[in-house]
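Chemist: Here's a structure for you.
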Amino acid sequence: MTVTVTNARPTTALREARVPEGGMHEGARTLRRLPDGWRERPYEHFELVPQACTIGAEVRGVDLSRPVGAALREELNRALLEWKVLFFRAQHLTSDQQRHFARHWGELETNPLLARGTDEEVVLFDKGDGATPTFENVWHADVTFRERPALGAVLQLREVPPSGGDTMWADMAAAYDNLPQEVKDRIDGATAVHDYIPGFARFYGPERLAPFQDLFPPVEHPVVRRHPETGRRMLFVNTSFTTRITGMEREESDRLLRYLFQQAHVPEYQVRFRWQPGDVAFWDNRATQHYAVNDYGPHRRVAERVAIAGDRPF
Ligand SMILES: [Fe+2]
């Protein structure tokens, strides 16, 4: 697949652009939570308790096992767009209730790579028994190797280790906002290749991966995507699945991607959630990356996730 990159620049210009080697720059950061033109408005159907500056809020007073009417759905969606990750304590949903809640945001995504048995909608993560490797402790957005990566996901923890096992999320709109202007100039309008192989080859052998090559051929997405509901620009490359920037020499692409991947590591863009059994997190996969902290072995951590099908990034 070949895509013309309209803002591709000569090699020398790319080398000359100053990309901080450590991936981070110190000093003030722009931490803007609301999209342009949005104003602060109260929530009427629940209490919302912020967990960080731009990302992550606990929603109190909503029982996700009960029907979600249009007005509540609307307000939860606004909260999701404004906070990017919502937390709901002690919900203890059945798998069907979890699916039912997620379907208010669209069709559920099936994931044959992660499915166990015949249920391709509910992905079970059962980790810490010493037998199953954990592979979610790398910053990533889910399934960006698909032409239409997931809109979002609803994750519930069924079993929680005595300590650890937190999940972290990073705000990729804040990550974009804080890029140096010369980096923005280089990546606005550029596309990058996403491929499931590098992300999954760490824990599946070639024989397990091969059957999916026709199903998930490498795909190109914009390096900076616009949020389909808010119009906000967001950095959209991740360590697990983004392999190269289109039309750029390998060495330069690697260097720039390394720098861009590092942006998810900046603490000011992050929220970290400490789970209790039955807690639910609902995240906007278009606007965030996440990282499952792997610090609880040999204890068990059991989670179920459903994902909502998304649209093609632009
Ligand atoms: Fe994930």
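Chemist: Picking from 230, 213, 169, whose Cα lies most toward the positive end of the charge dipole for segment 159-236 (charges on Cβ: Lys, Arg +1; Asp, Glu -1)?
Modeler: It is 230.
Chemist: Right, next: Hey, in the GNM for the chain with a 10 angstrom Cα cutoff, which one of 39, 233, 186 fluctuates hardest?
Modeler: Its mean-square fluctuation being the largest, the pick is 39.
Chemist: Could I ask something else about it? By its C-alpha gyration tensor, with a ≥ b ≥ c as the square roots of the eigenvalues, how is segment 40-81 shaped: rounded for a/c under 1.5, else prolate for a/b larger than b/c, else oblate?
Modeler: prolate
Chemist: Given a 1.4 Å probe and the protein chains all in place, what does the accessible area of residue 95 round to, in Å² to the nearest 10?
Modeler: Taking all protein chains as shown, residue 95 has close to 40 Å².
Chemist: Moving on. Would you mind calculating the gained length between residue 312 and residue 90 on full extension (0.36 nm times residue separation, minus the Cα-Cα distance), in nm to one decimal?
Modeler: Between residue 312 and residue 90, full extension yields 76.6 nm more.
Chemist: Another one. Label 7 Å along Cα→Cβ of residue 166; segment 56-95 residues with amide nitrogen under 17 Å?
Modeler: Backbone N within reach: 56-58, 85-88.
Chemist: Determine the shape class of segment 147-267: with a ≥ b ≥ c the square roots of the Cα gyration tensor eigenvalues, call it rounded for a/c under 1.5, and otherwise prolate if a/b is greater than b/c, oblate otherwise. Before the final figure, lay out each step's value.
Modeler: On the way: a/c = 1.69, a/b = 1.15, b/c = 1.47.
Judged from the Cα gyration tensor, segment 147-267 comes out oblate (a/c at least 1.5, b/c at or above a/b).
Chemist: How much accessible area does residue 127 have with a 1.4 Å probe, in Å² rounded to the nearest 10?
Modeler: Approximately 10 Å² of residue 127 is accessible to the 1.4 Å probe.
Chemist: Find the centroid of the Cα atoms in segment 289-305 and in segment 50-70, then give the distance between the two in whole Å.
Modeler: Cα centroid to Cα centroid, the span is 22 Å.
Chemist: Can you tell me the orientation of helix 250-262 relative to the chain, as the angle in degrees between its alpha-carbon axis and the longest Cα principal axis, to the nearest 10?
Modeler: 40
Chemist: Continuing with the same structure: According to a simple spin-label model (label point 7 Å from Cα along Cα-to-Cβ), what is the distance in nm between residue 207 and residue 250?
Modeler: Each label point is offset 7 Å from its Cα along the Cβ direction, giving 3.0 nm.
Chemist: Starting from the Cα gyration tensor of segment 160-215, take the square roots of the eigenvalues, sort them a ≥ b ≥ c, and report rounded, prolate or oblate (rounded when a/c is under 1.5, otherwise prolate if a/b is larger than b/c, else oblate). Kindly include the intermediate steps, with their values, before the conclusion.
Modeler: Details: a/c = 4.00, a/b = 1.25, b/c = 3.20.
Note, shape of segment 160-215 comes out oblate.
Chemist: Can you list residues whose amide H is under 5 Å from residue 153's amide H, if they're 5+ apart or on another chain and H is modeled 1.01 Å from N?
Modeler: Answer set, sorted by chain and number: 283, 285, 308.
Chemist: Mind checking the dipole of segment 34-156: about its Cα centre, +1 per Lys or Arg Cβ, -1 per Asp or Glu Cβ, Debye to the nearest 20?
Modeler: Roughly 160 debye, rounded to the nearest 20.
Chemist: For residue 100 and residue 258, calculate 0.36 nm times their separation in residues minus their Cα-Cα distance, and state this gained length in nm to one decimal.
Modeler: So the chain would gain 53.0 nm between residue 100 and residue 258.
Chemist: Ok, one more. Can you give me the % of accessible surface on the chain that is carbon or sulfur? Probe 1.4 Å, all protein chains present, nothing else counted. Write down the numbers at each step before the final one.
Modeler: On the way: 6780 of 13710 Å².
Its accessible area is 49 percent carbon and sulfur atoms.
The values are calculated or read from the model by the stated rules, or taken from the named source; none is laboratory data. Just so it is clear, the structure is predicted and the values come from calculations on it, not from any experiment. In this analysis, Cβ positions are derived from the backbone assuming ideal geometry, glycine residues included, and neighbour counts consider all displayed protein chains. Side chains included, ligands, DNA and RNA excluded: accessible areas come from the protein's heavy atoms. Shrake-Rupley method; radii C 1.70, N 1.55, O 1.52, S 1.80 Å.
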